[in-house]
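The next block holds one structure in the form of structure tokens; read it before the comments.
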Ligand code: NAD
């Protein structure tokens, strides 16, 4: 398969312009693997976003009235549409990210296809009315209901590393809950979102329920001004701005931010498996995954053997422009400034005494943007490569004395997205996992928690606020409403009401003593 560039360009532009109306100057979308142009989209201004929000609000009640079944029908059609159009979607993702065919298929198509079905099936259960029993004396005989109601209009802002999974993916539960959604994809990778909007239209989604607001940061900022909730995925730096803007408007926000995921390898680990996982989950998507393995800590007795295995595996990786399935292992660096960050972190480490065992520099004399898979040893926490998010194909490995040191160093980070520990003693592994300050911790694996849509996925510390997936991953797109129903044969006047009488008050005081005044029961 050759990289599709021109094919997606007219689509994207026409789709966006037709849907959105007024647009500012165009944004040209680059193909990072070839240096060519993959397409162009409008850079929408605040007025265009306001217009989209109006359309979205007008469309939402009808969508909510579809009910779970009606919405599930559309989402199930979209699941099939995605598989039927997988080659076209993969070509679009590859054209704007420069990632490999497999990175697009395994981590994007597979995710979204699963998510369409998951939310269609589980939304009714996660958002079903709950009958609640209360201990409150005044509520005896009444019907108490907790109800989830869609917020109305949800804004989703996404990053460039996973245009389908991390931009569009968060729209699926918001739609399943009955909201209208406006997605502001990254200006670096907007084409996939536009293609998915086209797919949803083909599947019968009513006009205005899902729209794509292409543009840069200011378009995202404008979106926050109009929505009832903002779901943001991106850097911690921008996440803070988004949280502040949401606070000004008193709307909820959910933030999925940066990470510096540690991996701990203990002496009794299956070293072959640990080495394969270290290499795969640090290099997959060229290391541009929020939950990539970014740093490794290995117990001294197995350090040399582990380094030997990783070195051998990393030397075999093929890096370059993807030309269909199986053509390369490591794709391009999608976002130009990311190349500077990667180079800066490697240079800083080497300046401070690190040794490069594999790679260590940009791939020269190619039209695309690539960085060599890079293995670093003799690293420590004075180096950026061990403390700041690198977001590239780098694997720094540090020797540790024991598990305690591993846990301490793993937790010595402002981030807390994912983490992993490798040991044949899974009970001990679980105990260590529980001590890691991360939203997700894997024992003898990494990243796979992300594929369990039943489990919450969210960052601790500066890695985020709230979570996606699981019941919380759809309830966040709803407000909770408490409904209390008093039966028709109720007292005409409740005992506590006017006029106050000393006798009644004493009776109520006695009741309180019986209910609450007996102290702790053993
Ligand atoms: P970024 O923060 O630069 O941009 C993210 C989005 O925010 C873009 O669409 C951008 O246009 C928009 N934006 C910029 N300024 C804005 C503003 N003031 N108001 C509203 N929107 C604004 O992030 P990026 O470089 O695109 O993505 C890489 C980062 O995303 C990495 O840190 C990575 O770890 C993180 N990420 C996290 C997860 C997760 O699930 N935790 C997943 C993927 C990526």
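Per-residue counts of other Cβ atoms within 10 Å, averaged by peptide: what ranking do you get for 482-490, 362-370, highest first?
Numbers: 482-490: 9.0, 362-370: 14.9.
Result, highest mean Cβ count within 10 Å first: 362-370, 482-490.
If you take the square roots of the eigenvalues of the alpha-carbon gyration tensor of region 239-324 and sort them as a ≥ b ≥ c, do you get rounded (a/c under 1.5), prolate (a/b over b/c) or oblate? Can you show the working numbers first?
On the way: a/c = 4.40, a/b = 1.86, b/c = 2.36.
Because a/c hits 1.5 or more and a/b fails to exceed b/c, region 239-324 counts as oblate.
Between residue 273 and residue 140, what FRET efficiency comes out of the Förster formula 1/(1 + (r/R0)^6) with R0 = 45 Å and r the beta carbon distance, rounded to 0.05?
Details: r = 58 Å, r/R0 = 1.29.
With R0 = 45 Å, the Cβ-Cβ based efficiency is 0.20.
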Principal axis dimensions, region 114-186 - Cα atoms, whole angstrom, descending:
54, 22, 18
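Residue 58 to residue 80: FRET efficiency via 1/(1 + (r/R0)^6), r the Cβ-Cβ distance, R0 25 Å, to the nearest 0.05?
On the way: r = 28 Å, r/R0 = 1.14.
In this case the efficiency is close to 0.30.
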Could you tell me the center-to-center distance, by alpha carbons, between region 277-347 and region 149-213 in angstrom?
30 Å
Region 91-134 to region 432-498: how many Å between their Cα centroids?
18 Å
Förster-model FRET efficiency, 45 Å R0, residue 380 and residue 327, C-beta, rounded to 0.05:
0.75
At 7 Å along the Cα-to-beta-carbon direction for both residue 495 and residue 201, put a label point, then send me their distance in nm to one decimal.
6.5 nm
Restricting to Cα pairs below 8 Å that are 6+ residues apart, what does the relative contact order work out to for the chain? Please round to a whole percent.
17 percent
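What ranking, highest mean first, results for peptides 290-303, 418-431 when packing means the other Cβ atoms within 10 Å averaged over each residue? Don't skip to the answer; put the middle values down first.
Numbers: 290-303: 23.4, 418-431: 20.4.
Highest-to-lowest ranking by the protection proxy: 290-303, 418-431.
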Provide the gained length on full extension for the span residue 481 to residue 506, in nm with one decimal, where the gain is 0.36 nm per separating residue minus the Cα-Cα distance.
5.5 nm
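Sorted by average packing, counted as other Cβ atoms within 10 angstrom per residue and highest first, what order do 342-353, 209-220 take? Walk me through the numbers on the way to the answer.
Values: 342-353: 17.9, 209-220: 23.3.
Output ranking for 342-353, 209-220: 209-220, 342-353.
Based on DSSP, what percent of beta bridges with both residues in the chain are antiparallel, to the nearest 5? Working shown, then result.
Working: 25 of 61 bridges.
Expressed as a percentage, antiparallel bridges in the chain total about 40.
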Quick note on 409, 491, ordering by fewest other C-beta atoms within 10 Å, gives 491, 409
Per the Debye formula with a single identical scatterer at each Cα and no solvent contribution, what log10 I(q)/I(0) holds for the chain at q = 0.06 Å⁻¹?
-0.34
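From the helices alone, meaning DSSP H stretches of at least four residues, give me the mean residue ellipticity at 222 nm for the chain, per-run term -39500 (n - 2.57), in deg cm²/dmol to the nearest 500.
Details: 18 runs with 211 residues, N = 522.
Taking each H run of at least 4 residues, the total per residue is -12500 deg cm²/dmol.
Where a number appears in this text, it was derived from the coordinates with a stated rule and is not lab data. Not measured: the values here are computed from a predicted model. All Cβ positions, even for glycine, are placed from backbone atoms using ideal geometry, and neighbour counts span all protein chains on display.
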